[in-house]
Amino acid sequence: MKRIAFLLLAFAALWISLPANAANEEIASGTCGDNLTWTLTSDYTLTIGGTGDMTDYSTLYSVPWYDYRSMIKTIIIHDGVTTIGDYAFCYYIGLTSVTIPSSVTTIGYAAFYCCSSLTSVTIPSNVTTIGYAAFCECTSLTSITIPSGVTTIGDFAFYGCTGLTSITIPSSVTTIGYAAFRYCSSLTSVTISSSVTTIGDYMFSNCTGLTSVTIPSGVITIGDYAFQACTGLTSITIPGSVTTIGKGVFYGCTSLTSVSLPSGVTKIGNDAFCKCNSLTSITIPSSVTTIGDYTFYGCTSLSSVTISSGVTTIGYATFSYCTSLTSITIPSGVTTIGDYVFYDCDKLATVTNLNPVPQTINSNVFWDINLQSATLYVPAESLDAYKSASVWRDFGTILPIEATAIEETPASATRIYPNPVVGNELTIESPNLRAGDKITLYGISGELLRQFTAEGTRTVIPVDDLPSGFYLLRIGNQTVKLIRKR
């Protein structure tokens with residue numbers, strides 16, 4: 001027994017006397033750049049040191065430590081290394097910790113792609129470029145700080161980072177690539193700097209946890225499908241700098257209840273608000289000339305639509321399946337109405353068409369609508385033309401837009417101010433005004449320009465894009481004259 005105890009004590013003393021790093025033996029080593037070396041030790045730590053750029057590898061299989069990828073848990077990159085090469089740590093599913101020194105300026109193509117156990121990364125301040133798919137599918141990554149020196153975030157950079165909850169994009173960033181944050185389903189807030197001019201295609205698509213977004217004033221273009229299927233998004237602020245809203249930008253944003261389109265928007269792409277089935281109202285500004293195909297398709301809660309006078313074309317199936325829409329006014333400048341525009345808008349009972357010349361349309365424009373029970377209002381001088389025009393003549397009732405219907409009447413207890421209006425807002429106060437009542441703006445010659453929905457006895461309406469001139473404002477059964485000065 002004493003002999004066994006003696007042997008155990010001797011073995012323990014020998015173990016204690018060994019060098020501290022004896023248990024962490026070198027497993028493999030080599031070079032990874034002109035002046036860089038790498039070492040893998042038995043504790044599954046990969047250490048890279050030296051000076052200069054890391055090699056950009058053509059595939060993940062050509063990385064020299066590829067055979068050990070399932071073992072590596074920690075990566076230490078020493079100061080002096082200036083780049084992290086393409087595919088350097090792609091698909092290292094056991095990696096939990098990485099140290100990136102301040103000397104690094106570029107994180108390469110798919111550098112940390114699918115490092116699914118990586119929970120956090122600190123990107124040093126000297127980094128200017130985060131490459132294509134650099135952190136794509138890092139599903140355990142919960143936070144990331146993008147330093148102020150970064151100018152470019154590459155395509156798919158954080159695609160599929162399902163654990164990421166917030167992101168701040170600094171003012172140094174000028175370019176954000178395709179689908180950079182797509183499928184970041186836990187992302188609830190995002191701050192975009194004013195230096196960004198384009199929200200790229202699919203940038204936040206399928207970010208189902210995102211509830212609100214403020215787009216900065218420098219943005220000019222919102223790319224195709226940028227917020228597609230952001231099912232938690234309830235509101236969005238679009239600044240006046242935006243001129244283009246791409247295809248499918250808010251496609252399937254099922255919780256979006258309202259959106260204000262600025263007066264500078266000139267293009268609304270196909271499918272832009274398709275299947276936004278909580279959207280209740282929309283005003284198309286006068287700067288828009290074409291409403292694209294399927295733009296409001298399937299917006300089943302949409303009950304109020306104001307199309308401004310600049311629109312000339314309403315695209316294919318634009319308002320199909322807008323089953324809450326009861327009335328629509330088509331401006332006088334509209335010359336083209338696409339097929340199936342109002343298909344299955346089964347509550348549509350009143351159509352006002354201000355064009356003195358009946359548009360040539362196909363019968364499918366009003367398919368599944370009982371036109372015999374619907375009323376069509378047209379310019380008085382065009383009444384006979386509409387009564388003989390194909391499809392338009394199928395309305396059960398066709399009536400002239402009577403000028404007397406919009407003559408100025410005494411304002412009584414109704415107040416509108418300021419009048420003349422020189423700013424961007426007009427306030428309306430009336431004891432008879434109730435939430436949901438319609439407020440209608442006409443040109444002085446009687447053409448309908450737009451409609452608003454009252455918020456209650458006091459309502460503020462936007463007039464920022466209204467040219468100087470005289471107007472008539474119908475409030476309930478009263479009509480008052482409005483003067484606009486710029």
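The values are calculated or read from the model by the stated rules, or taken from the named source; none is laboratory data. What you see is a predicted model; the values in this text were computed from it and never measured. Methodologically, a virtual Cβ is constructed for each residue, glycine included, from the backbone with ideal geometry; neighbour enumeration extends over all protein chains shown.
On the basis of being of a type in the set (Asp, Glu), in contact with a strand residue (DSSP E or B) (Cβ under 6 Å, 6 or more places away or on another chain) and at pLDDT 95 or above, does ASP79 make the cut? Lay out the reasoning, then the answer.
Values: of a type in the set (Asp, Glu): yes; in contact with a strand residue (DSSP E or B) (Cβ under 6 Å, 6 or more places away or on another chain): no; at pLDDT 95 or above: yes.
So ASP79 fails the test.
Somewhere in segment 111-129, is a residue touching a residue at least 40 places away in the same chain (Cβ under 8 Å) and not hydroxyl-bearing (Ser, Thr, Tyr)? No, segment 111-129 has no match at all. Hey, any hits in segment 336-353 for a residue that's in a loop (DSSP other than H, G, I, E, B) and within 23 Å of GLY443 (Cα to Cα)? The answer is no, given that none of the residues of segment 336-353 is in a loop (DSSP other than H, G, I, E, B) and within 23 Å of GLY443 (Cα to Cα).
Taken as a whole, segment 42-49 holds no residue that is of a type in the set (D, E, K, R), surrounded by 13 or more Cβ atoms within 10 Å (Cβ to Cβ) and either at pLDDT 95 or above or more than 19 Å from CYS115 (Cα to Cα) (or both).
Does segment 343-356 contain any residue that is under 16 Å from VAL259 (Cα atoms) and in contact with a Pro (Cβ under 6 Å, 6 or more places away or on another chain)? No, segment 343-356 contains no residue that is under 16 Å from VAL259 (Cα atoms) and in contact with a Pro (Cβ under 6 Å, 6 or more places away or on another chain). Summed over segment 313-334, residues that are at pLDDT below 95 and more than 20 Å from LEU371 (Cβ to Cβ) total 3.
Scanning segment 465-486 for residues that are touching a Ser or Thr at 6+ places or on another chain (Cβ under 6 Å) and assigned to a loop (DSSP other than H, G, I, E, B), which turns out farthest from GLY264 (Cα to Cα)?
Quick first cut of segment 465-486, residues touching a Ser or Thr at 6+ places or on another chain (Cβ under 6 Å) only: 465, 472, 474-475, 478-479, 484-486.
Going one step further and asking which of them are assigned to a loop (DSSP other than H, G, I, E, B), we end up with 465, 485-486.
Working: ASP465: 9, LYS485: 19, ARG486: 17 Å.
Looking at the filtered set, the residue picked out is LYS485.
Scanning segment 229-250 for residues that are within 16 Å of GLY200 (Cα to Cα), buried (at least 24 other Cβ atoms within 10 Å of the Cβ) and either touching a strand residue (DSSP E or B) at 6+ places or on another chain (Cβ under 8 Å) or of a type outside the set (Gly, Ala, Ser) (or both) yields CYS230, ILE245, VAL249, PHE250.
Can you tell me which residue in segment 456-486 is modelled with the lowest pLDDT, limited to those that are under 27 Å from SER241 (Cα atoms) and among the charged types (D, E, K, R)? Only one residue fits best here, namely ARG486. Scanning segment 302-319 for residues that are touching a Cys at 6+ places or on another chain (Cβ under 8 Å) and under 14 Å from ILE361 (Cβ atoms) yields a single hit, PHE319.
Out of the residues in segment 363-393 that are among the hydroxyl-bearing types (Ser, Thr, Tyr) and touching a Gly at 6+ places or on another chain (Cβ under 9 Å), which is surrounded by the most Cβ atoms within 10 Å (Cβ to Cβ)? Talk me through it step by step, then tell me what you get.
Our first condition is that a residue be among the hydroxyl-bearing types (Ser, Thr, Tyr); within segment 363-393, this holds for 363, 373, 375, 377, 382, 386, 388, 390.
Right, trim to touching a Gly at 6+ places or on another chain (Cβ under 9 Å) and you get 373, 375.
On the way: SER373: 10, THR375: 15.
So, considering only residues that are among the hydroxyl-bearing types (Ser, Thr, Tyr) and touching a Gly at 6+ places or on another chain (Cβ under 9 Å), the one surrounded by the most Cβ atoms within 10 Å (Cβ to Cβ) is THR375.
Among strands (runs of 3 or more DSSP E) entirely within segment 229-322, having at least 2 residues that are within 30 Å of SER195 (Cα to Cα) singles out 235-237, 281-284.
For ASP224, only one of the following conditions fails: (1) free of Cβ contacts under 8 Å to residues at least 40 places away in the same chain; (2) in the same structural domain as PHE156 (by TED's automatic domain parsing). What is its number? Failing condition for ASP224: (1).
Of all residues being among the hydrophobic types (A, V, I, L, M, F, W, C) and over 27 Å from the mean Cα position of the chain (by Cα) in segment 95-110, which is farthest from VAL150 (Cα to Cα)? Just the residue, please.
As a first pass, look at segment 95-110 and keep what is among the hydrophobic types (A, V, I, L, M, F, W, C): 95, 98, 100, 104, 107, 110.
Now drop any that are not over 27 Å from the mean Cα position of the chain (by Cα), which leaves 95, 98, 100, 104.
Values: LEU95: 24, VAL98: 19, ILE100: 15, VAL104: 12 Å.
Step by step, filter segment 95-110, then rank; the result is LEU95.
Is at least one residue of segment 324-337 in contact with a helix residue (DSSP H, G or I) (Cβ under 8 Å, 6 or more places away or on another chain) and at negative phi? There is at least one residue in segment 324-337 that is in contact with a helix residue (DSSP H, G or I) (Cβ under 8 Å, 6 or more places away or on another chain) and at negative phi. Scanning segment 167-210 for residues that are of a type in the set (A, V, I, L, M), under 11 Å from CYS230 (Cα atoms) and more than 11 Å from the chain's Cα centre (by Cα) returns a single hit, LEU187. Among the residues of segment 37-53, is any under 41 Å from the mean Cα position of the chain (by Cα) and either assigned to a loop (DSSP other than H, G, I, E, B) or closer than 20 Å to ALA133 by Cα (or both)? Looking through segment 37-53, at least one residue is under 41 Å from the mean Cα position of the chain (by Cα) and either assigned to a loop (DSSP other than H, G, I, E, B) or closer than 20 Å to ALA133 by Cα (or both).
Within segment 266-282, take every residue that is surrounded by fewer than 19 Cβ atoms within 10 Å (Cβ to Cβ) and among the β-branched types (Val, Ile, Thr) and give me the one that is farthest from GLY209 (Cα to Cα).
Of all residues in segment 266-282, those surrounded by fewer than 19 Cβ atoms within 10 Å (Cβ to Cβ) come to 266-267, 278, 280-281.
Filter once more, so that each one left must be among the β-branched types (Val, Ile, Thr): 266, 280.
Working: THR266: 30, THR280: 22 Å.
Among those that are surrounded by fewer than 19 Cβ atoms within 10 Å (Cβ to Cβ) and among the β-branched types (Val, Ile, Thr), it is THR266.
Restricting SER143, SER62 to those that are surrounded by fewer than 16 Cβ atoms within 10 Å (Cβ to Cβ) and at pLDDT below 95 reduces the list to SER143. The residues listed here are THR427, THR397; of these, the one that is at pLDDT 90 or above and under 20 Å from ARG484 (Cα atoms) is THR427. ILE123 satisfies every condition listed in (1) of a type in the set (A, V, I, L, M, F, W, C); (2) crowded, with 19+ Cβ neighbours inside 10 Å; (3) in contact with a Ser or Thr (Cβ under 7 Å, 6 or more places away or on another chain) except (2). Filtered by the rule that a residue be more than 15 Å from THR82 (Cα to Cα) and either part of a loop (DSSP other than H, G, I, E, B) or not aliphatic (A, V, I, L, M) (or both), segment 96-108 gives THR96, SER97.
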